[in-house]
Every structure is written in structure tokens, then in C-alpha cells.
Amino acid sequence: MKGAVFQRYFILLLILWILFVLYPDPIKLGISIQRLFSPDIDPDAVETVLDNFPSEPGAIEKMVLAEIPYRYDWEIHGMPWYFPTVGEILKKEEGDCKARAIVLASILKAKNIPYRLNCSPIHVWVEYEDKPETSLENASVKFYQQDPVTGERWFQFPEINLHQVMDSFWHAFWNPMPGGRKALLLSGLFVLVAARVTLFAKKKSACFSKGGLNKHSYPVL
């Protein structure tokens with residue numbers, strides 16, 4: 001009975017193990033998902049640094065990119081994907097595209113410059129008037145957009161290369177993952193798969209034994 005339950009929920013067990021290794025505190029994953037759709041755009045948090053920034057949005061973005069060096073979430077927060085607050089970013093003074101985007105959005109909002117926050121499967125960025133498009137930041141790749149003025153949310157199916165997505169996930173999630181966490185993840189998956197194979201082999205052997213000839217039976221001529 002236990003073997004049947006294990007096999008029935010095998011995929012779920014794999015997913016739970018992966019989540020347990022990547023997010024020992026699952027609340028942070030839930031918080032990050034909530035912030036993705038309701039980001040912490042906080043003009044008050046950037047009030048003390050506003051005087052250091054120019055008034056033109058392109059120049060502001062260049063300065064934000066220079067002031068916040070790019071680092072992966074594994075390196076800063078100890079998890080593969082985390083959506084921080086503006087206060088957390090200013091304290092750590094580094095972050096990935098999400099961090100840079102919400103700091104930029106907060107500064108633009110504080111300066112009353114119109115903007116939109118966009119998301120693609122591999123990138124988060126801020127759109128403003130006359131901003132040039134790039135391969136990572138254009139209308140075809142975004143799947144989610146929010147208008148900060150109206151609150152309107154807009155979704156579409158992104159036109160993005162699968163190879164680009166896989167390459168981004170590899171460099172952002174797997175490469176910077178600590179070695180101990182990689183070993184824990186792979187060893188747990190190996191144990192689960194080995195247990196599944198063993199149970200399947202035992203079940204197959206039991207079915208064969210029940211269906212085979214009894215040692216006291218004889219063939220019918």
C-alpha cells in the first residue's frame with residue numbers, strides 16, 4: 001500500500017524535494033511571487049538620494065545600473081529567485097534586473113516621470129518614453145505589464161527563444177547555486193528515483209510470480 005502511494009505521488013514528491021532544497025523557507029517564495037505582481041515601488045525610500053540623480057530618464061537608468069552592481073539572487077539572498085524591497089536593495093547596494101528595475105521605477109515615480117514596469121520570462125525592466133528597445137527589452141518578449149497610474153495589468157504570450165530562456169536559467173539559477181545545495185538536491189533526487197525503480201521492479205516481479213506456472217501444475221496436452 002505504501003509503495004502504491006509513493007508511486008502515485010512520485011512527481012509531487014520530486015517537486016516538493018526541489019522546493020525544499022531551493023526554498024527552506026517557502027514563505028519567501030510566496031512573498032516574491034506576490035511582489036512580482038505588486039512590486040514594492042517606493043519613492044519615499046529613494047528620497048534621500050534623489051538630488052544625486054539627473055532629470056532625464058535615460059540618464060537616471062544609466063546611473064542606477066552603475067550604482068547597483070549586478071549580482072544573482074543566490075549570491076545575495078541565498079535562494080534562486082527573490083523579489084526584494086527597495087529598502088533591501090539600497091541596504092545591500094547590489095541586485096539583479098528586478099532590483100535595478102524597482103529602484104529605477106521608484107526614482108521615476110518620485111520625479112513624476114511616467115513609466116511602465118514590464119516582465120518577460122527571464123527579465124524585468126522599466127519602460128519610459130523614447131527608451132530604445134533591445135533583444136531583452138521589447139514589446140514582443142514581455143508577458144506581463146502593469147500601469148502604475150491606472151493599475152491596469154496586461155498579459156500576453158511572449159515571443160522568446162526557448163534556448164535563450166534555458167541559457168538564462170542555467171546561468172542565473174544553476175551556476176551560482178552553492179555546491180552543498182547542488183549536492184543535496186541531486187542526492188535527494190537520486191534517492192527518490194532509485195526508490196521508484198526498486199518498487200517498480202518488485203511490483204513487476206510479484207506480478208510475474210502470480211501469473212506464472214505453479215510448481216504443481218502441468219501443461220495441458
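Determine the gain in length on full extension of the stretch residue 147-residue 192; use 0.36 nm per residue of separation and subtract their C-alpha separation, reporting nm with one decimal.
The residue 147-residue 192 span can extend by a further 11.7 nm.
Over 25 Å between Cα atoms, which of 62/182; 62/111; 62/91; 62/92; 28/182; 62/142 qualify?
Correct reply: 62/182.
Relative contact order of segment 17-124, please, whole-number percent, based on alpha carbon pairs below 8 angstrom and at least 6 residues apart.
31 percent
Can you show me the helix-derived [θ] at 222 nm for the chain, built from DSSP H runs with n ≥ 4 at -39,500 (n - 2.57) apiece and divided by the number of residues, rounded to the nearest 500.
Theoretical 222 nm ellipticity from helices: -15500 deg cm²/dmol.
Put +1 on the Cβ of every Lys and Arg and -1 on every Asp and Glu Cβ in the chain; which of 163, 34, 188 then has its Cα farthest towards the positive end of the dipole?
Ranked along the dipole, the leading option is 188.
Given (i) 0.94; (ii) 1.21; (iii) 1.06 as candidate values of Rg/Rh (Cα atoms, Kirkwood Rh), which corresponds to the one derived from the coordinates?
Recomputing Rg/Rh (Cα atoms, Kirkwood Rh) here gives the entry labelled (ii).
Cut-off is 10 Å between beta-carbons; in what order do 85, 48 appear when sorted fewest neighbours first?
48, 85
Give the aspartates and glutamates reachable from residue 109 as a straight Cα distance under 15 Å; neighbours fewer than 8 places away on the same chain don't count.
Output for residue 109: 40, 42, 44, 47, 51, 56, 61, 127, 129, 147.
Just so you know, all these numbers are worked out from the coordinates, no wet-lab data involved. The structure displayed is predicted, hence computed values, not measured ones. Note that each Cβ is placed from the backbone with ideal geometry, even for glycine, and that neighbours are counted across all protein chains shown.
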